[in-house]
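Asks: Below are the structure tokens for one structure; questions will follow.
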Amino acid sequence: MAPSAMTRWIKSLSEAQPAPYWLEDPGKPHPEPALTGAETCELLVVGGGYSGLWTALIAKERDPRRDVVLVEGREAGWAASGRNGGFCAASLTHGLANGLTRWPGEIHKLQELGARNLDEIEKAVARHSLDCDFERTGEIDVATETYQACELRDWYAEMERRGLAEGTEFLDAEAVREQVDSPTFLAGLYDRRGVAMLHPAKLAWGLKRACVQLGVRVYEHTPALTLKPYGAGLAVRTPYGEVRARQVALGTNIFPNLLRRVRSYTVPVYDYALMTEPLSADQLASIGWQNRQGLGDSANQFHYFRLSADNRILWGGYDAIYPYGGRVRAEYDDRPETYAKLAGHFFTCFPQLEGVRFTHAWGGAIDTCSRFSAFFGTAHQGKVAYAAGYTGLGVGATRFGAEVMLDLLAGERTERTELEMVRKKPLPFPPEPFAWTGIALTRWSLARADAHGGRRNFWLKTMDRLGLGFDS
Ligand SMILES: Cc1cc2nc3c(=O)[nH]c(=O)nc-3n(C[C@H](O)[C@H](O)[C@H](O)COP(=O)(O)OP(=O)(O)OC[C@H]3O[C@@H](n4cnc5c(N)ncnc54)[C@H](O)[C@@H]3O)c2cc1C
């Protein structure tokens, strides 16, 4: 790489705020008051990200008389839900390939439930006037290496053979560059209906407002500290109060779970993103991005990118950083060396945009589990339900997880609770230093595979055989 190019890329970051672009929106609502004193309710939801908010909202929609309280440790949507890429995918399984490998027998059902879930999100956006820039634009997975183009073509043929290609089309180099013009694009798979783009923080804030309007009592700056049985129900202690509830739903994602035994199923893996300034009409025309779909490339270390409502480009992904010890810490949210790398990759993809500046750069923890899609469970004789492990594809799937938690609390057998994906758990992560070593070896091997025509080494093949493999 020429030093001058590197200097220009770094310069493009010189004014970037180290903060999530989405959370700086002027529409950010005031927080609801913290809980002081005692509360009682039928259902207590812990966590004000999408998981918790959908759970509270759907609980009220299922039964408007249900008495629901939600407590959030900081402010609704401040964590992953307010800082993600805003790709709201139908997939419940972190992509079709992962779902097909793990649950071949129920993949058609999982795809159908995922498509219905995305339809329900679209309907809820309209029903509750959730002002979140929801655009059902679809997504293109692009190949930037010849071997990836061959893999995409083969994968599309396989999808067709299995009857899973509906709504998806294969694009050759010319066709993909007609959609979005990058000299690096060699082929693409265009899923026209299975993904929507949205403003992540505005979705979380809209869900909070809808919850409050339906009568959910929301308390912010109210961390739940302990969860204990109390009479026929449960008691949750907070710094200045206590909530007694008949049932509890935990939507606490990667933060220390109130149920200790759930903690070893997830580790935080940090993901980073940049946001450009708004593109001018000429800049936008130079890349021809008219249909506003999201894009992702098909390497193991992949990028995801999309337009915002005001035509900025969000550009994220590639590095996936696991901090030794697996803790969630604010200091990990900022990583200049990753920003520099991402900026370089951005201008390699879109050389037409030389001179564009980044206004924001940030990171966040992804709740990664060993099967790369959510898991579910209950505790305290079915009075507590939890869902976690969305592994970077929770914008859409958390709504499905909310339905599962409510089904489990109702003790109902539904098409969701019958799924093997819901009934079985992933393998837990081992303690340190094994977790760090295993994850570091996997990252190194994935980077090596990307640099060597996609060839997976002995470690990755072993992980694949154990059902722990990651293949984007
Ligand atoms: C940088 C980044 C990019 C991503 N991009 C995408 C994407 O484009 N598409 C996609 O599908 N997914 C993406 N994801 C993942 C997605 O954002 C998450 O899967 C999703 O937001 C998870 O929602 P959640 O409600 O489970 O978790 P969170 O949003 O983390 O919410 C959990 C909430 O629980 C609260 N909490 C925790 N413990 C307690 C407690 N004891 N008491 C009270 N409150 C508590 C926290 O304060 C937090 O607000 C991305 C994630 C990151 C970090």
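The values are calculated or read from the model by the stated rules, or taken from the named source; none is laboratory data. This structure is a prediction, so every number in the text was calculated from the model and none was measured. Every residue, glycine as well, gets a Cβ built from its backbone with ideal geometry; the counts of neighbours run over all protein chains shown. Heavy atoms of the whole protein, side chains included, go into the accessibility calculation; ligands, DNA and RNA do not. Shrake-Rupley method; radii C 1.70, N 1.55, O 1.52, S 1.80 Å.
Asks: Leaving ligands, DNA and RNA out of it, work out the accessible area of Asp319 with a 1.4 Å probe and give it in Å² to the nearest 10.
Replies: That residue has around 0 Å² of solvent-accessible surface.
Asks: Cα-Cα over 32 Å: which of Lys109/Lys228; Lys11/Lys123; Lys60/Lys425; Lys28/Lys424? Before the final figure, lay out the partial values.
Replies: On the way: Lys109/Lys228 37 Å; Lys11/Lys123 43 Å; Lys60/Lys425 28 Å; Lys28/Lys424 38 Å.
Pairs exceeding the cut-off: Lys109/Lys228; Lys11/Lys123; Lys28/Lys424.
Asks: OK, next. So for the chain: antiparallel DSSP bridges make up what percent, rounded to the nearest 5? Could you put the intermediate results ahead of the total?
Replies: Values: 50 of 74 bridges.
Of all bridge pairs located within the chain, approximately 70 percent are antiparallel.
Asks: Right, something else. Do you know the relative contact order of the range 131-242, to the nearest whole percent, from alpha carbon pairs under 8 angstrom that are 6+ apart?
Replies: The normalised contact order for the range 131-242 reaches 30 percent.
Asks: Taking 0.36 nm per residue of separation and subtracting the Cα-Cα distance, what length does fully extending Glu354 through Leu441 add?
Replies: 27.8 nm
Asks: Chymotrypsin sites (Phe, Trp or Tyr not before Pro) within the range 279-344: which are DSSP loop residues with at most 14 other Cβ atoms inside 10 Å?
Replies: Tyr324
Asks: Given the convex hull over the Cα atoms of the chain, what projected area results after averaging over all orientations, in nm²?
Replies: With the hull built on Cα positions only, its mean projection is 21.3 nm².
Asks: So how exposed is Arg329, as accessible area in Å² (1.4 Å probe, rounded to 10)?
Replies: Solvent-accessible area, nearest 10 Å²: 100 Å².
Asks: Also, quick follow-up: Under a 1.4 Å probe, what is the accessible area of the chain per residue, stated in Å²?
Replies: Roughly 42 Å² per residue, with all protein chains present.
Asks: I need to check one value: relative contact order of the range 301-415, counting alpha carbon pairs closer than 8 Å and at least 6 residues apart, in percent.
Replies: 16 percent
Asks: Shifting gears a bit: In degrees from 0 to 90, rounded to the nearest 10, what is the angle of the helix 50-62 Cα long axis to the longest principal axis of the chain?
Replies: Rounded to the nearest ten degrees, it is 50.
Asks: Relative contact order, percent, of the chain when contacts are C-alpha pairs under 8 Å separated by at least 6 residues?
Replies: 23 percent
Asks: I would also like to ask the following. What angle do you read, to the nearest 10 degrees and between 0 and 90, between the alpha-carbon axis of helix 434-451 and the longest principal axis of the chain?
Replies: 30 degrees
Asks: Just to confirm the number: angle between the C-alpha axis of helix 107-127 and the first principal axis of the chain, 0 to 90 degrees, nearest 10?
Replies: Computed tilt is about 80 degrees.
Asks: Rank these residues by their accessible area, most exposed first, probe 1.4 Å: Thr338, Thr442.
Replies: The ranking, largest first, comes out as Thr442, Thr338.
Asks: Right, something else. Determine the share of the chain's accessible area contributed by carbon and sulfur atoms, expressed in whole percent, with a 1.4 angstrom probe.
Replies: Taking all protein chains in place, the chain shows 54 percent carbon and sulfur surface.
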